[in-house]
Amino acid sequence: MSTNKHQQNASGPARRVIVVGGGLAGLMTTIKLCEARIAVDLFSLVPAKRSHSVCAQGGINAAVNTMGEGDSPSIHLQETAYGGDFLANQPPIKGMTDAAPGIVFLLDRMGVPFHRTPEGLLDFRRFGGSLYHRTAYAGATTGQQLLYALDEQVRRFATEAVMDPTGMTLPGERLVRRFEGWDFLSLVLDDHGRCVGIVAQHLQDMVVRVFRAQAVCLATGGLGMVFGRSTNSMICTGSAAAIAFRQGAVYANGEFVQVHPTAIPGADKLRLISESVRGEGGRVWVPKDAKDARPPSQIPHRERDYFLERRYPGYGNLVPRDIASRAIFQVCFHEGRGIRNENTGKNEHEVYLDLTHIPPARLREKLGGVLEIYTKFVGADPCSQPMKVFPAVHYSMGGLWVDYERNASGSLTVGSPRNHATSIPGLYAVGEVDYAYHGANRLGANSLLSCLYGGLITGPAVASYVDALPSSAYDLPADFFEKAEENERKNVERTLARYGDNAEGINPWKLHAQLSDVMLRDCTIERHDDRLDNALDTIETVREQLPKMRIEDTGERANQSAQFARHFENMVLLAHVIAKGARERSESRGAHYKPAFEKRDDAKWLRTTLAKYSSQEQVQFIRSFDYDCVGQSIHVTDEVDVSLVPPRQRNYEKAGAASEQATGDAPAEAL
Ligand SMILES: Cc1cc2nc3c(=O)[nH]c(=O)nc-3n(C[C@H](O)[C@H](O)[C@H](O)COP(=O)(O)OP(=O)(O)OC[C@H]3O[C@@H](n4cnc5c(N)ncnc54)[C@H](O)[C@@H]3O)c2cc1C
């Protein structure tokens, strides 16, 4: 071990880690690192409290069973594995579902104002893909309450001093330094390919700076912008993941993108109408007669088709999202039975989501935030007339490949440096940007949980990695980092000059529209090989035009156009990963549905899609690879660990399909 491992130098104390992302995953990772007395530089495009996690509405899952239904973590594991169509490795799911009750109690102690029963117990609602009341919630603004609670904890650490290993306080150092309003540009890799820092750009003065660290964790969220308008925030471009991918990180299951069944229009993005609306009793329907253009209140119940309840009597309106979205798509696109527009005489691609049978006071108490969104953006009150909704791109199950270490009971070995390690040594990933927990389809309210559980185990994993390092980023000469900064600065200047020089250039927003149109049409609910080929051609055409992009604003302050153009180049790469992964996978599984291959094909496709960048913006699929974790070479294959819940075909038409084998509190292994 190097003698100067713990030396302080001009860049900060010896134990410093970079977390890129101030959403739930990034904040929880930061908290755990601070608890291990490791200082954190926290980066975010926006103030952490405006991270996309703030938009989460409906709740967070935990099998606490205060409702006395016999729910348990093992049933939660069953339903998650089943809902994800068995594509997720099961030890991470087991770790997550076992930890879930403790996570909700922890949040409760942090002061999250969870809704409570009249007796004062935590209240739970139902969510998609489950027959149990398992979702803890704070009205319909759960994400905001969680994010603010974690942000407060991180602010507390930001006031604490940093000590060196001898117990001496490092003058002027604080456990957390915030870099809000910075854009991640690249990883700094040393000569052994180990991640030792990042280069980032300040979005106000556009200055480019290098930051060194003993490890880096990306918690940069989803990629909805690849599809143009989605329920995601406009900062969800996936740019950071694409950069890591280009620099060598393996990307997994990219083709699995969730389309949420119920959203409404918006000029910038689509607004989600949370699954909690159906959890509280909302019913989806269309008129039985496709030509019926009467206002919904005049259509009697017997003339309505509650098609989800009809087809899925057990789960009804709460079938998993992939199934509900496909059913709505079928009704609207294939059967032409979407809501009839009385003015145009055409059937729109919308269905009713009806709450009008529920007392308004109860709706306001439990769903206030969602009702406000609908009223604000549509101008109608969902308490008195059914909402009109349609499916929208929502979540990426795929993401950066991350490792885990399984323990004897089939869960994760907490503290192993392998947990959440990417294939680049020293680079970790957590939250929506990783691929680890949801397989082919995420169950509602499992994402907040996976972000928080991910953070809880990534923190100790990174701490173990840092402790085991034979030498650190701080042993590298300063000019190594100066060079990395200089290269990136030149890169940014060259790109900006190129964007400005293209006299006949192409507007990046127009190119984005071209890309997102094809992604939306050909890479969402239904996928056909010929259309995927067409999508790949379009992506290639867009890619060829990237050097011709022109932006009017070449200013050196707060240049949002330059930032967008840069992120767009990265979106094109992710679009390629998604479309090519979809083209390759000849089966239907979860959110990936090909009518030409109706069935799930476990013999051939029960495997993780592993994508690797192969120069010239090309993507290569691999079956295995090796990576290094603190000196240990680890061989990874695409095999999925399904040892806890044996795969079986999904059958949501049958009541209780997900948990039909679950028996109370029996350990998952026995199920
Ligand atoms: C409308 C909506 C409602 C939802 N409701 C629920 C729900 O009720 N329950 C549930 O479980 N899930 C829900 N989800 C999903 C869930 O909210 C997200 O998956 C989750 O919040 C993602 O958290 P995260 O920490 O991974 O990323 P985010 O919260 O998206 O945070 C990403 C962070 O990374 C930063 N960042 C990104 N790129 C860069 C870059 N290039 N440089 C620097 N920083 C960067 C951002 O600034 C941000 O701080 C919902 C999703 C949507 C869209």
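Values in this text are rule-based calculations from the coordinates and carry no lab data. Everything numeric here is computed off the predicted structure, so don't read it as measured data. Cβ sites come from the backbone with ideal geometry, for glycine too, and all protein chains shown count toward neighbours.
Summary of computed values
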item: Rounded Å value of the spacing that divides the Cα centres of the stretch 21-90 and the stretch 266-297; result: 28
item: Ranked 272, 106, criterion: other C-beta atoms within 10 Å, fewest first; result: 106, 272
item: Residues whose placed amide H lies under 5 Å from that of residue 186, excluding near-sequence neighbours; result: 199
item: Added length on full extension, which subtracts the Cα-Cα distance from 0.36 nm per residue, residue 558 to residue 601; result: 10.5 nm
item: Between the stretch 433-469 and the stretch 314-374, the Cα center-to-center distance that results, in Å; result: 32
item: Helix axis angle, 90-110 relative to the chain longest principal axis, alpha carbon, degrees; result: 90
item: Per DSSP, loop trypsin sites (Lys or Arg not before Pro) in the stretch 285-339 with at most 10 further Cβ within 10 Å; result: 291
item: Three-way shape call for the stretch 260-390 based on the alpha-carbon gyration tensor, with the a/c threshold at 1.5; result: rounded
item: Derived scalar couplings ³J(HN,Hα) [the stretch 326-339; Karplus, 6.51 cos²θ - 1.76 cosθ + 1.60; whole Hz; x for Gly, Pro]; result: 5, 5, 5, 4, 4, 5, 7, 8, 7, 9, x, 10, x, 4
item: Rounded to 10°, Cα long-axis angle of helix 529-545 versus longest principal axis of the chain; result: 40
item: With Cα atoms, 0 to 90° folded angle of helix 142-157 axis to the chain main axis; result: 20
item: Formal net charge of residues neighbouring residue 271 (Cβ-Cβ distance under 13 Å; K, R +1; D, E -1); result: +2
item: Isotropic mean projected area of the C-alpha convex hull, the stretch 328-428 (nm²); result: 12.3
item: Net length gained if the chain between residue 586 and residue 166 were fully extended (0.36 nm per residue, minus Cα distance); result: 145.4 nm
item: Trypsin sites (Lys or Arg not before Pro) restricted to DSSP loop in the stretch 20-92 with at most 16 other C-beta within 10 Å; result: 37
item: Of 269/388; 288/366; 269/604, pairs whose Cα-Cα distance is over 27 Å; result: 288/366; 269/604
item: Which of 110, 549, 168 has the fewest Cβ neighbours within 10 Å, and the rest in rising order; result: 168, 110, 549
item: For the stretch 265-271, 3J(HN,Hα) per residue [Karplus equation, 6.51 cos²θ - 1.76 cosθ + 1.60, θ = phi - 60°, Hz, x = Gly/Pro]; result: x, x, 5, 8, 9, 8, 9
item: Taking 199, 630 and counting other C-beta atoms within 10 Å, the order from fewest to most; result: 630, 199
item: In the stretch 585-659, trypsin sites (Lys or Arg not before Pro) in a DSSP loop with at most 14 other beta-carbon atoms within 10 Å; result: 599, 623, 648, 654
item: Principal axis dimensions, the chain - Cα atoms, whole angstrom, descending; result: 78, 63, 49
item: The chain, helix-only ellipticity at 222 nm - DSSP H runs n ≥ 4, -39,500 (n - 2.57), divided by all residues, nearest 500; result: -10000 deg cm²/dmol
